[in-house]
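Contents: one structure, followed by commentary.
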Amino acid sequence: DMPFPDQDKERAIAGYEEHNRRVREVVPKDRLLEYSVKEGWEPLCDFLEIQNCPTTPFPKTNSARSLQIQTISAMAIPLTITLFILFYLFSCIFQRATHQTVLGWLSSKRIQLLEYLTGRERKVQQHRAEMAGKSKKLI
């Protein structure tokens, strides 16, 4: 399920039906087409007096999947921009406070970690060698 805001279904339907009722009241009948996309191109072309009606299938862009993608995009783009701005501000403050860039700091920490891990590995190897030497003396 997608993260849609809570909606009152009955209220939404009532608002939709009220809107349609109001449109029927205001728009003259000869200027109004009550149309369902399931009907395809023909009623639309007839109403608009278009001679060469398309023969391709009517597009389905308001599918549930399409709406989900639009919802995610509507959230993802502002979130990405916000995160970019926050990281930029953080990196500016970090650089002023430490006199080094975030990437430079991360690189130095990576090197320190590798040195620590390789030094620890050497100690483990030395310890194993010592233990092996002691076990040989016991035999």
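Got a sec? Which of Phe90, Phe47, Phe84, Phe94 is touching a Leu at 6+ places or on another chain (Cβ under 6 Å), of a type in the set (A, V, I, L, M, F, W, C) and modelled with pLDDT of 85 or more?
Phe47
Taking the options Phe58, Phe47, Phe90, Phe84, name whichever one is in contact with a Lys or Arg (Cβ under 9 Å, 6 or more places away or on another chain) and without any contact (Cβ under 8 Å) to a residue 24 or more places away in the chain.
Phe58
Being closer than 30 Å to Lys38 by Cβ and either open to solvent by less than 100 Å² (accessible area, probe 1.4 Å) or of a type in the set (D, E, K, R) (or both): is that true of Ser91 here? Reasoning before the result, please.
Values: closer than 30 Å to Lys38 by Cβ: no; either open to solvent by less than 100 Å² (accessible area, probe 1.4 Å) or of a type in the set (D, E, K, R) (or both): yes.
No.
If the Cβ limit is 9 Å and pairs must be 6+ apart or interchain, which residue in segment 18-39 that is without any contact (Cβ under 8 Å) to a residue 60 or more places away in the chain and within 24 Å of Phe58 (Cβ to Cβ) pairs with which residue that is of a type in the set (S, T, N, Q) and not in a helix (DSSP H, G or I)?
Qualifying pairs under 9 Å: Val37/Asn62.
Among the candidates Pro43, Pro28, Pro54, single out the residue that is open to solvent by 60 Å² or more (accessible area, probe 1.4 Å) and out of contact with any helix residue (DSSP H, G or I) (no Cβ under 6 Å at 6 or more places or on another chain).
Of the residues listed, the single one that is open to solvent by 60 Å² or more (accessible area, probe 1.4 Å) and out of contact with any helix residue (DSSP H, G or I) (no Cβ under 6 Å at 6 or more places or on another chain) is Pro28.
The values are calculated or read from the model by the stated rules, or taken from the named source; none is laboratory data. Only a predicted model underlies this, so the values are computations on that prediction, with no experimental measurement involved. For neighbour counting, all protein chains shown are included, and Cβ atoms are generated from backbone atoms with ideal geometry for every residue, glycine included. For accessibility, only protein heavy atoms count, side chains too; no ligands or nucleic acids. Shrake-Rupley method; radii C 1.70, N 1.55, O 1.52, S 1.80 Å.
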